[in-house]
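Chemist: Below: one structure in structure tokens.
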Amino acid sequence: MIAIDAPFAQIIKETDDLAASLGEPSAAADIRRDGMVAARTLPQPDRRREEWKRSNPDRFLPDFSRPFVLADDRIELGFLSETSELQRELQELGVSLAAEDKESRVRFETAGEAIETPELTVSSLSAAFRKDSQPPAGFFRAEQHQKDLPCALNAALRTGGAYVKIKPEAALKRPLCIKHRVGFVGKEPDGDQQRLFFSHSLIEALNPCKAVIIEDFTSVPGQAFKAGPLIEIDLSQGAEVTYVMIGGWDKEVSCLNNIHVRLGKDASLKIIFAGIGGSLTKTFFSEDLNQPGAHTEIYGIIMASGAQFFDNDTFIHHKAPSCYSNVLFNCAVDGQARTVFAGNILVDGCAQLTDAYQKNQNLLLSEDAKAESMPKLEIIADDVRCTHGASFTEHDENQLFYLQSRGLSEKEAKNMLVEGFFGEIIQKTGNPSAAEWLSERLAEKM
Amino acid sequence: MSEKNQEIKDIGNSYKYGFADAEDYVYKSGTGLSPRLITEMSRMKGEPDWMLHNRLKAYEVFMSKPMPSWGPDLSGVRFDDIHYYVRPSERPAVTSWDDVPEYIKNTFDRLGVPEAERKHLAGLTAQYESEVVYHSIKSNLEEKGVIFLDMDSALREHPDLVKKYFGTVIPMTDNKFAALNTSVWSGGSFIYVPKGVKVDIPLQAYFRINAQAMGQFERTLIIADEGAFVHYVEGCTAPIYSQDSLHSAVVELIAMEGARIRYSTIQNWSTNVFNLVTKRAHAYKNATVEWIDGNIGSKISMKYPAIYLLGEGAHGEVISVAFAGKGQIQDTGAKIVHAADNTTSNVLSKSISKGGGQASYRGLVKVSGDAENVKGNVRCDALLLDGISRSDTYPTMLVSNPKVRIGHEATVSKVGDEQIFYLMSRGLSESDALAMIINGFFEPFAKELPMEYAVELNRLIKMEMEGSVG
């Protein structure tokens, strides 16, 4: 495609073509146009602002003057189940498992490109547009694509992302798993073109329902690009969702994640974010709690090594009474890696009976590792309970010594301690097969 | 207890040092700052040339630096409306209380300063407007070589010592207000404690602003040589005027190997004083520096006592309380830089917000890459007494070495209903229960105060904090 700041008519034609190539209806093309108009007028992020002080926005956002090529997102949908259960069932049927399945304790059962059951609807976002000829109800409800540059670019240039709708009264027994494999297949970019990828996942849960959803992002090895996944989660009254996001990018990818959340009255959301791959990852978590009784938890597992850099920004705005929020980030930092945790809890005067917690624990594994923590609180209401904490430690020598005395090598012992450090959060998935999936993905990196 | 209850109600409502004297000065500069004023002032003080050059250079730095872009709104500071230099008396600081001009003596008598000094202090400096009007030191300390002078006298009597250390901890380029202070400083204390000398009882300074729209820029430098110990106590008040005053001090502490410096401040400026101070300490091998910091008064305070732990085994401690009443912003905190092995630090910060006041903790803990076995802990607790006040916490921790144990904890809460309920079920009235909880909240700070000798400091705390000490 041509450059973003090319003549307006030309770039608009390109976005229209993009919508057409994905088979999207005209309503989707209109949103892309709006996004492009906003992207060309909105200011670039200000490096003097706190949230951009440690990450250079140029590393994450496209160069407006250069032509670009967009990556494809191949989505595979399925459910997870523990092999122990499956094994038992198969044994009853007299079938023996293949050797490769025995190693993994969790199994991904493919359900194709779209799922439609009485409990849920899942497909790629483009397919959801095609199906209804209009955007799904929760799409950009807060109109971020008019206000925020990364969201505007995303609206205009999205090629990936999934749409999940959990229907009322649904109670998913097995975790839904969405695997993204992002890459440039069959369109090798030439020298001057920059490589970009934007995806938008929308998760809607209606009325009382229960679900565990995993989005696992991976990319084709050896391909470098700038990725900008946007996740919108919209829970209606009483919905209860656990959302696991795994950033398993290849090492040449820089990634700007935006996670926006809307919670209805008494809705409950748990986000578990695992930062594993990529070179630079900046993640914004933004939640407005404007309905009473909303409950939210954000957990982060950051496994930084080599020259990786992870910059995490959480913002929880308590705007209604009786809400609960809990943020916990555990960062293990090895090699010359760096991590940043900047958390902010803002409690408005009307948000009485707020319970808000924020914690960041850092495990420094090498001489050159660096970690930075800024857990902030801004509180106006008086009837609240707010705490925050941060800690920085290295491996406990006694624990290491103990494990080594039991016959483990130093590396094995260290890995075991890192596993233990993450274990606290992995268990928060509240689902054994989701926990297993997550720990296997972490173990792959170790 | 009923008296106590009244005092709780009065927290932050009453200011007992708001009286003012008629202004009858030997010299009072016009408003605004200029190189001419700086030169004139330096000449009047009879300063050496290097100091005048230093001041003029700092003036340029001050003019070129922007106002801080973070923190409270400082648009109310009008640099052009301030009287930068006010000389209350022709004579240099006197050493006999009887020689202090009558009206100044009366002021300090009303503040209760000399009373405590006569009884319990090893030395005292009293600063009125820009100049120190009185200082004294016990003769046995003088014999041991302890120097305790106002900064201007120190520059006259020990120019080499002053030149060697002045501005080494806080360079003029550090921030806008440090530059301002360096260009127009006047008064403050200079302390030098020789090797191995321990000053068992505290040295004290008392700062008073009397004039309207006055800027006080005292400059304090304390050097504790190897193995020495000194405790320095400072208190401040001002009358209430409609025009705001500016207090912008620079305090530099140097603790040599094995030395210990304890610096206690109770800042009780009236609520029309901008209190924008820079305080920093360098602690060398096995030295200890402690800042005991109380912020009760002022309109806006920005104060982040810092300790640079530069030598192996150095220890830093900051214990602070802040009280933000109606219209007040207490933006305080602590800054600890671990730059050597085996250094330790501890920060304890407590704040209460009431009547729309705003208390913030803004802190930094930094561990440089080559500092191993560092231990540091930060704890901030905030109490909100009503629904219109505000409490913020902005800590930053930057760690570049794995061999560390750094922790940070903070809580913000109101006084728990269940705590009140429990105490009431034991027979206390509601307000007595509240008094007891607030007492307990401030206890860790209160017990660090040198109460047996700094009588007037205790009185300050007592009146503002419902008598939580003594």
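The values are calculated or read from the model by the stated rules, or taken from the named source; none is laboratory data. Note that the coordinates shown come from a computational prediction; the quantities given were computed from them, not determined experimentally. Glycine gets a Cβ as well: all are built from the backbone with ideal geometry, and neighbour counts include every protein chain shown. Just the protein is used for accessible areas: all its heavy atoms, side chains included, with ligands, DNA and RNA removed. Shrake-Rupley method; radii C 1.70, N 1.55, O 1.52, S 1.80 Å.
Residues checked against (1) more than 11 Å from chain B (Cβ to nearest Cβ); (2) among the hydrophobic types (A, V, I, L, M, F, W, C):
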position: A:371; (1), (2): no, yes
position: A:374; (1), (2): no, yes
position: A:410; (1), (2): yes, no
position: A:421; (1), (2): yes, yes
position: A:442; (1), (2): yes, yes
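Chemist: Also, I was wondering about something else. Just checking, how many residues over region B:47-60 are more than 20 Å from residue B:31 (Cβ to Cβ) and in contact with a Leu (Cβ under 9 Å, 6 or more places away or on another chain)?
Modeler: 3
Chemist: Then there's this: Across region B:27-50, what is the total count of residues that are among the charged types (D, E, K, R) and either part of a loop (DSSP other than H, G, I, E, B) or open to solvent by less than 50 Å² (accessible area, probe 1.4 Å) (or both)?
Modeler: Start the filter on region B:27-50 by keeping residues that are among the charged types (D, E, K, R), which leaves B:28, B:36, B:40, B:43, B:45, B:47, B:49.
When the remaining residues are screened for being either part of a loop (DSSP other than H, G, I, E, B) or open to solvent by less than 50 Å² (accessible area, probe 1.4 Å) (or both), the result is B:45, B:47.
Here the count works out to 2.
Chemist: A further question follows. Go through region B:259-345 and tell me which strands (runs of 3 or more DSSP E), entirely inside it, have 3 or more residues that are modelled with pLDDT under 90.
Modeler: On the way: elements: B:260-267, B:273-276, B:278-283, B:288-295, B:300-303, B:306-309, B:315-324, B:329-338.
So the answer is B:260-267, B:288-295, B:315-324.
Chemist: Determine which single condition residue B:407 fails, assuming it passes every other condition in (1) more than 12 Å from chain A (Cβ to nearest Cβ); (2) open to solvent by less than 50 Å² (accessible area, probe 1.4 Å); (3) not aliphatic (A, V, I, L, M).
Modeler: Evaluating residue B:407 over (1) more than 12 Å from chain A (Cβ to nearest Cβ); (2) open to solvent by less than 50 Å² (accessible area, probe 1.4 Å); (3) not aliphatic (A, V, I, L, M) leaves (1) as the failure.
Chemist: Which of the residues belonging to region A:381-418 are open to solvent by less than 40 Å² (accessible area, probe 1.4 Å), within 30 Å of residue B:391 (Cα to Cα) and not hydroxyl-bearing (Ser, Thr, Tyr)?
Modeler: Hits for region A:381-418 are A:381, A:382, A:384, A:386, A:388, A:389, A:390, A:392.
Chemist: Additional query: Criterion first (within 13 Å of chain B (Cβ to nearest Cβ), touching a residue at least 12 places away in the same chain (Cβ under 8 Å) and either in contact with an Asp or Glu (Cβ under 6 Å, 6 or more places away or on another chain) or among the hydrophobic types (A, V, I, L, M, F, W, C) (or both)) does residue A:323 satisfy it?
Modeler: So residue A:323 fails the test.
Chemist: For region A:342-380, which positions are surrounded by fewer than 22 Cβ atoms within 10 Å (Cβ to Cβ), more than 21 Å from residue A:54 (Cβ to Cβ) and of a type in the set (Ser, Thr, Tyr)?
Modeler: Result: A:357, single match.
For every residue, the table says whether it meets (1) at pLDDT 70 or above; (2) away from chain A (no Cβ under 14 Å).
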residue	(1), (2)
B:375	yes, no
B:392	yes, no
B:397	yes, no
B:401	yes, no
B:419	yes, no
B:425	yes, yes
B:431	yes, yes
B:463	no, yes
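Chemist: Sticking with this structure for a sec: Answer yes or no: is there a residue in region A:18-39 that is more than 14 Å from chain B (Cβ to nearest Cβ), closer than 30 Å to residue A:339 by Cα and over 23 Å from the mean Cα position of the chain (by Cα).
Modeler: Taking region A:18-39 as the starting set, the residues that turn out to be more than 14 Å from chain B (Cβ to nearest Cβ) are A:18-39.
Going one step further and asking which of them are closer than 30 Å to residue A:339 by Cα, we end up with A:39.
Filter once more, so that each one left must be over 23 Å from the mean Cα position of the chain (by Cα): none.
So far as region A:18-39 goes, no, none of its residues is more than 14 Å from chain B (Cβ to nearest Cβ), closer than 30 Å to residue A:339 by Cα and over 23 Å from the mean Cα position of the chain (by Cα).
Chemist: Now for a different question. Hey, any hits in region B:358-365 for a residue that's in contact with a Cys (Cβ under 9 Å, 6 or more places away or on another chain) and either more than 7 Å from every other protein chain (Cβ to nearest Cβ) or within 20 Å of residue A:337 (Cβ to Cβ) (or both)?
Modeler: Residues of region B:358-365 in contact with a Cys (Cβ under 9 Å, 6 or more places away or on another chain): B:361, B:363.
From what is left, the residues that are either more than 7 Å from every other protein chain (Cβ to nearest Cβ) or within 20 Å of residue A:337 (Cβ to Cβ) (or both) are B:361, B:363.
Yes, the conditions are met somewhere in region B:358-365.
Chemist: Do you know which residues across region B:183-206 are crowded, with 23+ Cβ neighbours inside 10 Å and under 19 Å from residue B:158 (Cβ atoms)?
Modeler: So in region B:183-206, the residues crowded, with 23+ Cβ neighbours inside 10 Å come out as B:183-193, B:203-206.
Residues satisfying the conditions are B:185, B:186, B:187, B:188, B:189, B:190, B:191, B:192, B:193, B:203, B:205.
Chemist: Scanning for something part of a strand (DSSP E or B) and out of contact with any Phe, Trp or Tyr (no Cβ under 9 Å at 6 or more places or on another chain), does region A:256-267 turn up at least one residue?
Modeler: Let us first name the residues in region A:256-267 that are part of a strand (DSSP E or B), namely A:256-263.
Right, trim to out of contact with any Phe, Trp or Tyr (no Cβ under 9 Å at 6 or more places or on another chain) and you get A:262-263.
Yes, region A:256-267 has at least one match.
Chemist: Could you count how many residues in region A:22-45 are under 13 Å from residue A:129 (Cβ atoms) and either open to solvent by 30 Å² or more (accessible area, probe 1.4 Å) or free of Cβ contacts under 8 Å to residues at least 60 places away in the same chain (or both)?
Modeler: Start the filter on region A:22-45 by keeping residues that are under 13 Å from residue A:129 (Cβ atoms), which leaves A:22-32.
Pick out the ones that are also either open to solvent by 30 Å² or more (accessible area, probe 1.4 Å) or free of Cβ contacts under 8 Å to residues at least 60 places away in the same chain (or both) and you get A:22-23, A:26, A:29-30.
Adding up the residues that qualify gives 5.
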